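Student: Sharing a structure below in structure tokens format, with a few things to ask.
The values are calculated or read from the model by the stated rules, or taken from the named source; none is laboratory data. In this text, all values refer to a predicted model and were calculated from it rather than measured experimentally. Ideal geometry is used to build each Cβ from the backbone, glycine not excepted, and the neighbour counts take in all protein chains shown.
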């Protein structure tokens, strides 16, 4: 029961209205620690209730102190969609209290955000780039922040947000509580924790299982020119269920979405070049069942919380194995069954090998692996072989900075 974790009767009543009855493992372990005020380094699979694990105790602690002129809690997330999702959850936890929660992210006009900040807020949920814009304009005052939460820290590092995170941390009080949540804990995340937290308590409810237990994994070995036919076959095996399809590039996502339309399968497309309103429409159409398939790139799909999504398809394998964990975490959420299918050409064999080592779960293989050429999976825009390396040993070429960040990450509003 949530009441046994130290949550107030008011908080428990709000949870009951929202349909929550039994806490998940990450909530059971994290909530009492967050209420106690200690720093935290937590790992839990996507879809296990991490937002409630930090959101519920934050709201309760802020309610006890009453409304103040300056924001007191800051939640940093990698993308717009996740900012909206976390904002919705925290606003729900706040219930009928006077606490004010605002979402700050790019791709939309500054006006409503400026007005919300001017009126006063208690909790800011933000992507790093747009928050820096507000700090520079002095429209966001971070001098009274008591709690900093880094959500999906591994993904933020993959997206090159370490320099913006450091800039934001420099504007915060040194005396604060810091909570770091991540689906995976590579060395980069551990190092980030050392920089941002003080003797954090470590919570890990994943054990050796980095993906949800109820998700089955399957690989279809196909040639590149057969991928779209194979995708159609997979989607028509169950013509009633919905699916989220991941592509590596924006152009590839557009092409797959158009091709599905030509084949009579209604599909929406979201990626970083789409306006926020277009992304919202595509997601709303998908959630409402007006389209069967949502085609997305990694950056656009972070934070998509879709109840009982039965199928995730990797049209292209991700270049980083950890991204596979985040992708398939969109299915099999909250204990439901899920299915993850990857289309693998001969060029992707080495990427598949990295994924198999990371997830350490059985992956069913369909078809025979094709012949491949070494390094054939590297995109055309990849840097030459003698280029310097960025984080995780990846070379940076056009569109990347030496610190591994994509250039748009520093323009505030592309996240």
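Student: Taking the stretch 326-350 on its own, how many of its residues are modelled with pLDDT of 70 or more, surrounded by 20 or more Cβ atoms within 10 Å (Cβ to Cβ), outside any loop (DSSP other than H, G, I, E, B) and out of contact with any strand residue (DSSP E or B) (no Cβ under 6 Å at 6 or more places or on another chain)?
Tutor: 2
Student: Can you confirm whether the stretch 64-73 contains a residue that is touching a helix residue (DSSP H, G or I) at 6+ places or on another chain (Cβ under 7 Å) and either in contact (Cβ under 8 Å) with a residue 12 or more places away in the chain or in a helix (DSSP H, G or I) (or both)? Steps first, answer last, please.
Tutor: To start, the set of residues in the stretch 64-73 that are touching a helix residue (DSSP H, G or I) at 6+ places or on another chain (Cβ under 7 Å) comprises 72-73.
In the following step, the residues that additionally are either in contact (Cβ under 8 Å) with a residue 12 or more places away in the chain or in a helix (DSSP H, G or I) (or both) were identified as 72-73.
Yes.
Student: Are any residues in the stretch 162-179 over 21 Å from residue 37 (Cβ atoms) and surrounded by fewer than 17 Cβ atoms within 10 Å (Cβ to Cβ), and if so, which ones?
Tutor: Once the filter is applied, which keeps residues that are over 21 Å from residue 37 (Cβ atoms) and surrounded by fewer than 17 Cβ atoms within 10 Å (Cβ to Cβ), the stretch 162-179 yields 163, 166, 167, 170, 171.
Student: Which condition breaks for residue 236 when tested against (1) out of contact with any helix residue (DSSP H, G or I) (no Cβ under 7 Å at 6 or more places or on another chain); (2) assigned to a helix (DSSP H, G or I); (3) in contact (Cβ under 8 Å) with a residue 60 or more places away in the chain?
Tutor: It is condition (3) that residue 236 fails.
Student: Taking the residues in the stretch 142-161 that are in a loop (DSSP other than H, G, I, E, B) and buried (at least 17 other Cβ atoms within 10 Å of the Cβ) as candidates, determine which candidate is modelled with the lowest pLDDT.
Tutor: First, pick out the residues of the stretch 142-161 that are in a loop (DSSP other than H, G, I, E, B): 142-146, 151-152, 159-161.
Remaining after also requiring buried (at least 17 other Cβ atoms within 10 Å of the Cβ): 142, 145-146, 151-152, 159-161.
Values: 142: 96, 145: 96, 146: 95, 151: 93, 152: 88, 159: 82, 160: 86, 161: 91.
Ranking the candidates gives 159 first.
Student: Can you tell me which residue in the stretch 85-103 is surrounded by the fewest Cβ atoms within 10 Å (Cβ to Cβ), limited to those that are part of a helix (DSSP H, G or I) and in contact with a helix residue (DSSP H, G or I) (Cβ under 8 Å, 6 or more places away or on another chain)? Can you show your working first?
Tutor: Start the filter on the stretch 85-103 by keeping residues that are part of a helix (DSSP H, G or I), which leaves 85-94.
Now narrow it down to the ones that are in contact with a helix residue (DSSP H, G or I) (Cβ under 8 Å, 6 or more places away or on another chain): 85-86, 89-90, 92-94.
On the way: 85: 20, 86: 27, 89: 19, 90: 25, 92: 17, 93: 24, 94: 22.
Applying the filter and picking the extreme gives 92.
Student: Which residue, of 63, 81, is crowded, with 23+ Cβ neighbours inside 10 Å and at negative phi? Break it down into steps so the answer makes sense when it comes.
Tutor: On the way: 63 fails: crowded, with 23+ Cβ neighbours inside 10 Å.
Checking each option against the conditions leaves just 81.
Student: Among the residues of the stretch 59-71, is any closer than 30 Å to residue 107 by Cα, under 24 Å from the mean Cα position of the chain (by Cα) and at pLDDT 90 or above? Talk me through it step by step, then tell me what you get.
Tutor: Start the filter on the stretch 59-71 by keeping residues that are closer than 30 Å to residue 107 by Cα, which leaves 59, 62, 67-71.
Of the ones still in play, those that are also under 24 Å from the mean Cα position of the chain (by Cα) are 59, 71.
Applying the additional criterion that residues be at pLDDT 90 or above yields 59, 71.
The answer is yes; a qualifying residue exists.
Condition check ((1) at pLDDT 85 or above; (2) closer than 20 Å to residue 43 by Cα; (3) in a helix (DSSP H, G or I)) across all residues:
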position: 304; (1), (2), (3): no, yes, no
position: 319; (1), (2), (3): yes, no, no
position: 353; (1), (2), (3): yes, no, yes
position: 370; (1), (2), (3): no, no, no
position: 373; (1), (2), (3): no, no, no
position: 378; (1), (2), (3): no, no, no
position: 382; (1), (2), (3): no, no, no
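Student: Please enumerate the residues belonging to the stretch 11-48 that are at positive phi, in contact with a helix residue (DSSP H, G or I) (Cβ under 9 Å, 6 or more places away or on another chain) and surrounded by fewer than 21 Cβ atoms within 10 Å (Cβ to Cβ).
Tutor: Applying the first criterion (at positive phi) to the stretch 11-48 yields 19, 37, 47.
Next cut, in contact with a helix residue (DSSP H, G or I) (Cβ under 9 Å, 6 or more places away or on another chain) only: 37, 47.
Answer for the stretch 11-48, where residues must be at positive phi, in contact with a helix residue (DSSP H, G or I) (Cβ under 9 Å, 6 or more places away or on another chain) and surrounded by fewer than 21 Cβ atoms within 10 Å (Cβ to Cβ): just 37.
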